[in-house]
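None of the figures in this text is laboratory data; all of them are computed from the coordinates on show. In this text the structure is predicted, and so the values were computed from the model without any measurement. Virtual Cβ from ideal backbone geometry, glycine too; neighbours counted across all protein chains shown.
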Amino acid sequence: MGSFMLYALVKLISIAGIRTFFNRISSQNLDQIPKEGAVIFVCNHPNTMMDPLIVGSTCGRNLYFFAKSTIFNNFFTRWILNRLRVVPVYRKQDNPTQTNKNIDTFYKGYEILESGESFLIFPEGTSTGDRTLGKIKTGAARIGFGAIENNNWRLNISLVPVGLSYSNAVKFRSDVIVRYGKPIDLKSYQKEYEANKVNAVQQLTEQIETALSKLTTNVNDLAFEKIVNALELIYKKELMVDLGLDIENKTDDFSATKGLVHAVEWYCKNRPEEVEEFEVMLDRYQNRLDLLKLKDEFLDPASGSTTMAQRIRVISYIILGFPVYVYGLINNAIPYKFPRWYAKSFVHDKSVIAPTKLITGMGIFIIFYSIQIFLFAFFSGNTPLTIFYIFTLVPSGNFVLSYIHQVRNYRQHLRFLSIFYRKRIIMYELIEERQTLIQYLNNAKKAYMKIEKINPI
């Protein structure tokens, strides 16, 4: 009972943490997940600790988690992790002499599945923070087949692939899409497994890799990532409109990104000279934007011009909201700034930047808020006022984030207008460069769709 309560408490805290860290978590195809029975969730692993938190908070199942053994580095963490349903995996790259301990890991997997419960495993085995899908290991397939074989194929086990796609894996208030794939029934492999166990494990592992590839927006080569990121920024919105897709729909957004990835990979393979030409044009355009400290969105005609009514609303919001902003800043500036400073100063592995921000942020907020509440209660001596103060802490912090976003956007808008009127020739040149890029991409899109026989909607 104590372990369950600890698990439930940590789960609630984790959900609150990631819901605060990310601007939007979009969960897709939740109806694919079996509501009961043994399930193996297999997921790509781009963002270390954030990945299990996101899957665990969206899948609707209480999970066990398979994680590298190195996090079980002392008695206290072992005690905690064991009660949080974390199962150690002994990787060869960590300590080749301990891989024999994976026998216990496999038996624990069998035990979980035989009891009709679920676990999450990352078959890549490691997290790099890159937008690529690593080689898929056979562990998930071997545990699943082992459990079902031990029960004479009477055990029903579903394997559900999960794809995680981050808009920016390390940035606070970014977006993430969780896509659940169609469950794979392990019993469907019975004939193959009984004929040749090794081949069956390999076939299932390949099916997992194919599924994860379809569920993510990963690139096959990191050299393509820069181009894909740029296309998402300057071209995806126009592409979605052109194809009749809904800009606000996350499924359509995913489809558009997936299409861009495929197109970039095709061009890099079949027409590398055109890719090189485009990269030169793109670098020149982005460098000029950086020099002027402008964002591409302000040059996008689709964004539309700001009306006088909109300007009045924004200015009124900035003026009237300033006292609330100051109040929220006083209460939240240090705990908000500290995690970002700490991660920037001491963390160099991009795959652990976001988890570091989350953990240090949760810790510093708890400590800082506790001190603030104590001091407020001590000096005010008013319990109802203290309670009111407590309930204002989080909302005022959220308001600060919204206020800063509005101010930055309006400042960008003013900067754009200032440069436009002072350096009109430069702005016209920049707009022309952007139009040239868009036209180049439109021509490339038409050629690609014709060759691949893709019909626009």
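Fully extended, how many nm does the chain gain between TYR421 and ILE373 (0.36 nm per residue separation, minus their Cα-Cα distance)? Write down the numbers at each step before the final one.
Numbers: separation 48, 0.36 × 48 = 17.28 nm, distance 4.98 nm.
The span from TYR421 to ILE373 would gain 12.3 nm if fully extended.
Efficiency by 1/(1 + (r/R0)^6): what FRET value for ASN74 and ARG173, r their Cβ-Cβ distance, R0 = 41 Å, to the nearest 0.05?
On the way: r = 33 Å, r/R0 = 0.81.
In this case the efficiency is close to 0.75.
Using r as the Cβ-Cβ distance of ILE330 and THR251, and R0 as 30 Å, what FRET efficiency do you calculate, to the nearest 0.05? Write down the numbers at each step before the final one.
Numbers: r = 42 Å, r/R0 = 1.39.
The computed FRET efficiency comes out at 0.10.
In whole Hz and in residue order, list the ³J(HN,Hα) couplings for the range 231-241 that follow from phi through the Karplus curve 6.51 cos²θ - 1.76 cosθ + 1.60, θ = phi - 60°; x for Gly and Pro.
Result, ordered by residue: 5, 4, 6, 9, 10, 4, 4, 5, 4, 5, 5 Hz.
At 0.36 nm per residue, and after removing the present C-alpha to C-alpha distance, how many nm does the segment from LEU30 to ILE312 gain when stretched out fully? Please list the in-between numbers first.
Values: separation 282, 0.36 × 282 = 101.52 nm, distance 4.23 nm.
Net length gain for the segment: 97.3 nm.
Using a basic spin-label model with each label point 7 Å from the Cα along Cα→Cβ, how many nm lie between HIS405 and TYR440?
My value for the distance between the label points is 3.3 nm.
Where Lys and Arg each count +1 and Asp and Glu each count -1, what net charge lies around LEU155 among other residues with Cβ under 13 Å from its Cβ?
Numbers: positive: ARG154, LYS187; negative: GLU111, GLU114, GLU117, GLU149, ASP185.
So the environment of LEU155 carries a net charge of -3.
Suppose R0 equals 25 Å; then what is the FRET efficiency for ASN23 and GLU277 from their Cβ-Cβ distance, rounded to the nearest 0.05? Intermediate results must be reported in sequence, preceding the final value.
Working: r = 35 Å, r/R0 = 1.42.
My answer for the efficiency is 0.10.
Once each part is reduced to its C-alpha centroid, what is the distance from the range 344-400 to the range 1-73 in angstrom?
Rounded to whole Å, the Cα centres lie 24 Å apart.
At q = 0.11, 0.19 Å⁻¹, what base-10 log of I(q)/I(0) does the Debye formula yield for the range 2-215 when every alpha carbon is treated as an equal point scatterer in vacuo?
-0.51, -1.61
How long are the semi-axes of the equivalent ellipsoid of the range 308-422, taking √(5λ) for every eigenvalue λ of the Cα gyration tensor, in whole Å from largest down? Numbers along the way, then the final one.
On the way: eigenvalues 193, 118, 17 Å².
After diagonalising the Cα gyration tensor, the semi-axes are 31, 24, 9 Å.
Given ILE419, GLY37, VAL275, which one lies farthest toward the positive end of the charge dipole of the chain, if we put +1 on the Cβ of every Lys and Arg and -1 on the Cβ of every Asp and Glu?
So the residue we want is ILE419.
Need one word for the range 40-147: rounded, prolate or oblate. Basis is the Cα gyration tensor (sqrt eigenvalues a ≥ b ≥ c); a/c below 1.5 gives rounded, then a/b vs b/c decides. The partial results should precede the final answer.
Details: a/c = 1.14, a/b = 1.02, b/c = 1.12.
Here the range 40-147 falls in the rounded category.
May I ask you to sort VAL394, VAL178 by Cβ crowding, counting other Cβ atoms within 10 Å and putting the fewest first? Before the final figure, lay out the partial values.
Numbers: VAL394 16, VAL178 23.
Lowest to highest Cβ neighbour count: VAL394, VAL178.
Give, as a single signed number, the net charge of other residues whose beta carbon lies under 12 Å from the beta carbon of LYS250, with Lys and Arg counted +1 and Asp and Glu -1. Working shown, then result.
Values: positive: ARG24, ARG179; negative: ASP175, ASP246, GLU248, ASP252, ASP253.
That works out to -3.
Under 5 Å between amide H atoms, partner at least 5 residues away or on a different chain: which partners does ILE157 have, H built in plane at 1.01 Å?
LEU186, LYS187
Under a crude label model (7 Å from the Cα following the beta-carbon direction), how far is THR138 from GLU265 in nanometres?
For the pair THR138/GLU265, the computed spacing is 2.5 nm.
Based on DSSP H runs of at least 4 residues, each adding -39500 (n - 2.57), what is the mean residue ellipticity at 222 nm of the chain after dividing by all its residues, to the nearest 500 deg cm²/dmol? Please list the in-between numbers first.
Numbers: 16 runs with 281 residues, N = 457.
So the helix-based figure for the chain works out to -20500 deg cm²/dmol.
Apply the Karplus curve 6.51 cos²θ - 1.76 cosθ + 1.60, θ = phi - 60°, to the phi angles in the range 115-127 and return the couplings in whole Hz, x for Gly and Pro.
8, x, 9, 10, 9, 10, 9, 9, x, 5, x, 7, 10
How big is the chain along each principal axis, measuring the range of its Cα positions in Å and listing the largest first?
77, 75, 39
Rounded to the nearest angstrom and ordered from largest down, what semi-axes does the equivalent ellipsoid of the range 69-118 get from its C-alpha gyration tensor (root of 5λ)? Numbers along the way, then the final one.
Details: eigenvalues 78, 51, 9 Å².
So the equivalent ellipsoid measures 20, 16, 7 Å along its semi-axes.
Starting from the Cα of LEU291, move 7 Å in the Cα-to-Cβ direction to define the label point; list residues of the range 401-437 whose amide nitrogen is under 16 Å from there.
Counting backbone N atoms under 16 Å from the label point, the list is 419-420, 423-434.
Find the relative contact order for the chain and round it to a whole percent, using C-alpha pairs within less than 8 Å whose residues are 6+ positions apart. List each step's numbers first, then the result.
Working: 540 pairs, mean separation 74.3, N = 457.
So the answer I get is 16 percent.
Please give the net charge around ALA444, taking every other residue with its beta carbon less than 9 angstrom from that of ALA444, where Lys and Arg add +1 and Asp and Glu add -1.
Computed value for this residue: +2.
Among PHE322, ALA343, LEU231, whose Cα lies farthest out toward the positive end of the dipole of the range 231-360, if unit charges sit on the beta carbon of Lys, Arg (+1) and Asp, Glu (-1)?
PHE322
So for THR307, THR436, fewest C-beta neighbours within 10 Å to most, what's the order? Walk me through the numbers on the way to the answer.
Numbers: THR307 9, THR436 12.
Taking fewest neighbouring Cβ atoms as first place, the list is THR307, THR436.
So if I take the centroid of the Cα atoms in the range 239-300 and the same for the range 128-194, what is the distance between those two points in Å?
That distance is 30 Å.
Looking at the chain only, what percent of DSSP beta bridges run antiparallel? Nearest 5 please.
25 percent
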